[in-house]
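What follows is one structure encoded as structure tokens, with my remarks underneath.
Derivation of every value follows stated rules applied to the coordinates shown; laboratory data play no part. Bear in mind the structure is a predicted one, so any value in this text is a computation, not a measurement. Glycine gets a Cβ as well: all are built from the backbone with ideal geometry, and neighbour counts include every protein chain shown.
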Amino acid sequence: RIIGGRPTQSGKWPWIVAVLNRFKEAFCGGTLVAKEWVLTAAHCVRKRLYVSIGEYNLSLHEGTELLMKVKRTVIHPKYNSETVDNDVALLRLPKPVPNDVHSGIACLPRPRQHLPIKRLCTIVGWGKRSTSDAYGTDILHEAQVPIVSTQSCRVVYEDYYITGNMFCAGYRKGRMDSCSGDSG
């Protein structure tokens, strides 16, 4: 769950998918960017992965879900697991998502598109509700957080290497944020 967030409406984010481990447990999220491709974080990649498309409540079978085993993973060639620079990966699905599945393709930004400072953006996920929780939530949650300048981000995260490939979003006091399980 998103810290400080609220449950979304079912079907509101049709391009958001749950990324599942070999035991078919959700541990990351992803975005359907084409009929056969899911964008996620490189640190979410495992040897065997599944995705659940059309997912909303992980504990219920609602009839909108389509479970697919990931056919191939493509991690960014310059991904650095220590600095998490270029923390992106593509997951190739075994076949195109059928039109009748409750899903949609995300609209992608233009290359080098400017992100206005303080503009609110929406984060979604099934991650933890607080850092002390053992597990994430079953229902997809959302919250709005502002884009933060790279300079301000570097001041707050002085122990981390914030590169030009990254952007920061959130509140300094942390009232709303993503958490473990929201990656991707």
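Tell me, what ³J(HN,Hα) does each residue in the range 48-65 have, in order and in whole Hz, if you take phi through Karplus 6.51 cos²θ - 1.76 cosθ + 1.60 with θ = phi - 60° and put x for Gly and Pro?
Per residue, the Karplus-derived 3J(HN,Hα) values read 10, 9, 10, 10, 10, 9, x, 7, 9, 10, 5, 8, 10, 8, 9, x, 9, 8 Hz.
Determine ³J(HN,Hα), in whole Hz, for all residues of the range 101-106 in sequence, where each value follows from phi through the Karplus function 6.51 cos²θ - 1.76 cosθ + 1.60 and θ = phi - 60°; x replaces Gly and Pro.
Per residue, the Karplus-derived 3J(HN,Hα) values read 7, 6, 8, x, 9, 5 Hz.
Please report ILE117, ILE75 as a ranked list, fewest other C-beta atoms within 10 angstrom at the top and most at the bottom. Intermediate results must be reported in sequence, preceding the final value.
On the way: ILE117 13, ILE75 16.
Arranged by neighbour count, lowest to highest, ILE117, ILE75 become ILE117, ILE75.
Would you mind checking the pairs LYS69/LYS95; LYS12/LYS95; LYS35/LYS69; LYS47/LYS71; LYS35/LYS71; LYS118/LYS173 and listing those with alpha carbons more than 20 angstrom apart?
On the way: LYS69/LYS95 10 Å; LYS12/LYS95 24 Å; LYS35/LYS69 14 Å; LYS47/LYS71 11 Å; LYS35/LYS71 13 Å; LYS118/LYS173 15 Å.
Listed pairs above 20 Å: LYS12/LYS95.
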